[in-house]
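Asks: Pasting a structure below so you can have a look.
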Amino acid sequence: MRKTILFVSVLAVSIWSCGGSEETQEEKEPENAMEAIQQMADKAKEMQENGPVDPVDFRELKEMLPSSAGGLSRTEATGEKNGAMGFSLSQAEGKYEEGDSSMEINIVDTGGVGGMAMMGMAAWAMAEVDKETATGYEKTTTVDGNKAYEKYDNERQNGELNVIVGNRFIVSVKGRKVSMDQIKDTLDDIDIDKLADME
């Protein structure tokens with residue numbers, strides 16, 4: 001039962017991190033299926049060899065949450081550690097609101113569940129995405145040398161920016177009724193270098 005609870009928790013964070021979008025991401029296909037399989041196998045082997053490590057105390061992650069995000073005041077800051085069967089992860093979440101605008105910051109340390117969990121929680125890290133629609137866009141990119149995923153809807157003014165730090169931490173910033181600049185400024189307020197040093 002506890003193992004099931006942990007799995008559900010990981011899956012929930014995965015959906016949150018990737019935006020829970022109903023749209024299918026448009027990915028650049030490798031030249032052939034065998035190449036794609038080999039890439040996945042190589043990455044899986046590398047992550048498996050690293051193995052799980054003790055995650056950072058969620059209280060340290062909470063301290064990294066800024067007091068405001070994109071000009072919005074913080075209304076809530078929470079943190080927790082979930083674990084079962086020798087595997088664990090820790091996370092901190094901050095919520096920010098003002099009027100119709102809101103933002104959420106989530107910092108997750110996946111070290112305690114190993115590299116395979118990282119692949120499930122940030123599947124976009126294994127792809128190259130570059131897509132535009134009539135109202136917005138989504139793409140994989142880099143932030144200070146770290147693989148990132150960016151998405152924004154100009155009509156709804158909803159967006160997100162997710163970054164993988166040190167092949168272990170996932171930092172996600174989501175905003176509703178805010179600009180993409182506000183989301184990016186919020187990510188700048190999080191000390192990514194300090195997070196990387198926590199490995």
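Computed from the coordinates by the stated procedures, all read-outs in this text should not be read as laboratory data. Quantities reported herein were computed from a predicted structural model and do not represent experimental measurements. Here Cβ is always computed from backbone atoms with ideal geometry, including for glycine, and neighbour counts include all displayed protein chains.
Asks: Using the structure shown, list the pairs from Lys131/Lys194; Lys151/Lys177; Lys147/Lys174; Lys131/Lys184; Lys81/Lys174 with a Cα-Cα distance above 24 Å, or answer none.
Replies: Details: Lys131/Lys194 32 Å; Lys151/Lys177 14 Å; Lys147/Lys174 17 Å; Lys131/Lys184 19 Å; Lys81/Lys174 22 Å.
Where the Cα-Cα span goes over 24 Å, the pairs concerned are Lys131/Lys194.
Asks: What is the sum of charges around Arg176, taking Lys and Arg as +1, Asp and Glu as -1, for the other residues whose C-beta is under 13 Å from the C-beta of Arg176?
Replies: Values: positive: Lys95, Lys151, Arg156, Lys174, Lys177; negative: Glu97, Glu98, Asp100, Glu104, Asp153, Glu155, Glu160.
Combined, the nearby Lys, Arg, Asp and Glu give -2.
Asks: Order the peptides 124-137, 163-176, 97-110 from the highest to the lowest mean number of other Cβ atoms within 10 Å of their residues.
Replies: Numbers: 124-137: 14.4, 163-176: 21.9, 97-110: 20.4.
So the order, starting with the most tightly packed, is 163-176, 97-110, 124-137.
Asks: Only counting other Cβ atoms within 10 Å, I'd like Lys194, Lys184 sorted with the fewest neighbours first. Walk me through the intermediate numbers first.
Replies: Working: Lys194 12, Lys184 16.
In increasing order of surrounding Cβ atoms, one gets Lys194, Lys184.
Asks: Report the extension gain between Asp191 and Glu76 in nm, rounded to one decimal, defined as 0.36 nm multiplied by the number of residues separating them, less their alpha carbon distance. Please list the in-between numbers first.
Replies: Numbers: separation 115, 0.36 × 115 = 41.40 nm, distance 1.94 nm.
Using 0.36 nm per residue and subtracting the Cα-Cα distance, I get 39.5 nm.
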